[in-house]
1. Summing Lys, Arg as +1 and Asp, Glu as -1, what charge do residues with Cβ under 15 Å from the Cβ of Asp72 carry, Asp72 excluded?
2. Spelling out what I want: for every residue of the range 94-104, take phi, set θ = phi - 60°, compute 6.51 cos²θ - 1.76 cosθ + 1.60 (Karplus), and round to whole Hz; glycine and proline get x.
3. Can you give the net charge of the other residues whose Cβ lies under 13 Å from the Cβ of Ala20, counting K and R as +1 and D and E as -1?
4. Computed from the mean reciprocal separation of all distinct C-alpha pairs, what Kirkwood hydrodynamic radius does the chain have, in Å?
5. Amide H to amide H under 5 Å from Gln58: which residues, 5+ apart in sequence or cross-chain, H placed 1.01 Å off N in plane?
6. Just grab the label-to-label distance for Asp72 and Gln58, each label 7 Å out from Cα along the Cβ direction, in nm (one decimal).
7. How much accessible area per residue does the chain have, counting only protein heavy atoms and a probe of 1.4 Å, in square angstrom?
8. So, with a 1.4 angstrom probe, what is the percent of accessible area on the chain that is carbon and sulfur?
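The values are calculated or read from the model by the stated rules, or taken from the named source; none is laboratory data. Note that the structure is predicted; figures quoted are calculated from it, not measured. When we count neighbours, we look across all protein chains shown, and the Cβ atoms used for this are built from the backbone with ideal geometry, even at glycine. When the accessible area is computed, the model is the full protein with side chains, heavy atoms only, and any ligands, DNA or RNA have been set aside. Shrake-Rupley method; radii C 1.70, N 1.55, O 1.52, S 1.80 Å.
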Amino acid sequence: DNFGKGEAFSPTDLLATSYASCLLTIIGIYCQNHGLNFSNGNAEVTKIMSNDAPRRVQKIILKIDLSGNGWDAPTAEKIIRAGKACPVAKSVHADMEIEMTFNV
């Protein structure tokens, strides 16, 4: 990412991936605590770096697939709300744009 060869994960790659991982972890905990099925959860993560100074992650795009868990719409809404409140989401800078889509 910064003067590297692109042969390994960069710290900013790990930041973006940790957002998705944390969100899915909190969803799993919520489902476990509420006796809900959580047999499918996948995330596609895209990180976009700012071209301006200071160099930073400008945007994270998360495509979350939660299909196949058998939740009704009100339950899915509660589960997604819980996931969006994960610790990483609460830790990123307010200027970072987060775009999320969910397939339930």
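1. Details: positive: Lys78, Arg81; negative: Glu77.
Local charge sum for Asp72: +1.
2. Coupling constants for the range 94-104: 4, 6, 6, 7, 10, 10, 10, 10, 10, 10, 10 Hz.
3. Net charge in that neighbourhood comes out at -1.
4. It works out to 14.7 Å.
5. Ile48, Met49, Ser50
6. Going by the 7 Å Cα→Cβ label model, 4.4 nm.
7. Value returned for the chain: 64 Å² of accessible area per residue.
8. On the chain, the fraction of accessible area on carbon and sulfur atoms equals 51 percent.
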